[in-house]
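The values are calculated or read from the model by the stated rules, or taken from the named source; none is laboratory data. Just so it is clear, the structure is predicted and the values come from calculations on it, not from any experiment. No Cβ is skipped: glycine too gets one built from the backbone with ideal geometry, and neighbour counts run over all protein chains shown.
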Amino acid sequence: MTQTPHAETTIEALHHVIDIADLSLRFETRDGPVQALSNIDLKVERGEFVAFIGPSGCGKTTLLRAVADLETPTGGVLQVNGMSAQEARANRAYGYVFQAPALYPWRTVADNIALPLEIMGYPKFERDQRVAEGLDLVNLTGFGKKYPWQLSGGMQQRASIARALSFDPELLLMDEPFGALDEIVRDMLNQQLLRLWDKTRKTVLFVTHSIPEAVFLSTRIVVMSPRPGRIQDIIETGFPRQRPLDIRETPEFLEIANRVRHGLRAGHSYDD
């Protein structure tokens, strides 16, 4: 049986968690249109950890929000698991971790993690089970009855990760979740996130401004140019899933970091 081109495209898309082709996104403002993204082409395989890095205002978060159906592209194609972003959102395909933990201060840590499950109508016994598993996953067992203000910033962000994973989405979207933390805490959370990624086998899209963080965490790094956001380079890291912090001192790591730095500099040749 001969397949139509449309059928071939649909079947091919099903092999990718994210399939983006010629994507553009323009905001209408009082001062006129602002082109946030232009000509974005990207495919993300199941189980990848893809970091997005670029200067402020380059569209990293906008692209993440488009995948989450929180922004609407003005051109091109964006599919999540072979569906539109809107369909994927309705099918609860992703969990989202924001720059700030965004935990409700009047709810305990356990109740914050359970919030998506309550909204989705999970029965209490299953909510309790999933919350316990989530606390264990992010090394917060024993802190479920605490309130957010009783936790450190790093612990709060781990609780927000547990909340995003509570309903077991395939895709985890992370918008610079460790940017406000000090370097020591950030290093610890980077290691914990890698272990969590290895254990859960989730597909992760991760926005960051840190070159070492992008190189340490990722299977691939997407380097973006200033607005309008374009993909300047896509870099394979080639590191094993389990990698120690001292890998950052190796020649291979430094070579990739230098290529990211070069891509960021080259991207500034675009008109701002």
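Restricting to segment 66-109, name every residue that is surrounded by fewer than 16 Cβ atoms within 10 Å (Cβ to Cβ), among the aliphatic types (A, V, I, L, M) and touching a helix residue (DSSP H, G or I) at 6+ places or on another chain (Cβ under 7 Å).
Hit for segment 66-109 is 102, nothing else.
Please state which one of 51, 36 is in the same structural domain as residue 239 (by TED's automatic domain parsing), under 27 Å from residue 261 (Cα atoms) and out of contact with any Lys or Arg (no Cβ under 7 Å at 6 or more places or on another chain).
Every option except 51 fails the conditions.
State all residues of segment 119-165 that are outside any helix (DSSP H, G or I) and either in the same structural domain as residue 201 (by TED's automatic domain parsing) or among the charged types (D, E, K, R) (or both); if no residue qualifies, say none.
Matches in segment 119-165: 145, 146.
Between a first residue in segment 102-126 that is more than 21 Å from residue 92 (Cα to Cα) and a second residue that is among the small types (Gly, Ala, Ser) and surrounded by 19 or more Cβ atoms within 10 Å (Cβ to Cβ), which pairs have beta carbons less than 7 Å apart while being 6 or more apart in sequence or on different chains?
That search, which allows pairs on different chains as well, returns 108/144; 109/144; 109/159.
Restricting attention to strands (runs of 3 or more DSSP E) lying wholly within segment 172-272, give those where 3 or more residues are exposed (fewer than 13 other Cβ atoms within 10 Å of the Cβ) and under 18 Å from the mean Cα position of the chain (by Cα).
The strands (runs of 3 or more DSSP E) meeting that bar number zero.
May I ask you to list pairs of residues, at least six apart or on different chains, whose Cβ atoms are under 6 Å apart, with the first in segment 179-203 being under 18 Å from residue 52 (Cα atoms) and the second being acidic (Asp, Glu) and at pLDDT 90 or above?
Listed by first residue and then by second, the contacts come to 203/48.
Can you tell me which residue is nearest to residue 235 (Cα to Cα) among those in segment 25-52 that are of a type in the set (Val, Ile, Thr) and touching a strand residue (DSSP E or B) at 6+ places or on another chain (Cβ under 6 Å)?
Per the stated criteria, the residue is 50.
Quick check, is residue 172 aliphatic (A, V, I, L, M), modelled with pLDDT of 95 or more, in contact with a Ser or Thr (Cβ under 8 Å, 6 or more places away or on another chain) and closer than 30 Å to residue 60 by Cβ?
Yes: the conditions hold for residue 172.
For every residue, the table says whether it meets (1) modelled with pLDDT under 95; (2) crowded, with 19+ Cβ neighbours inside 10 Å; (3) part of a strand (DSSP E or B).
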| site | (1), (2), (3) |
| --- | --- |
| 7 | yes, no, no |
| 20 | no, yes, yes |
| 41 | no, no, yes |
| 46 | yes, no, no |
| 64 | no, yes, no |
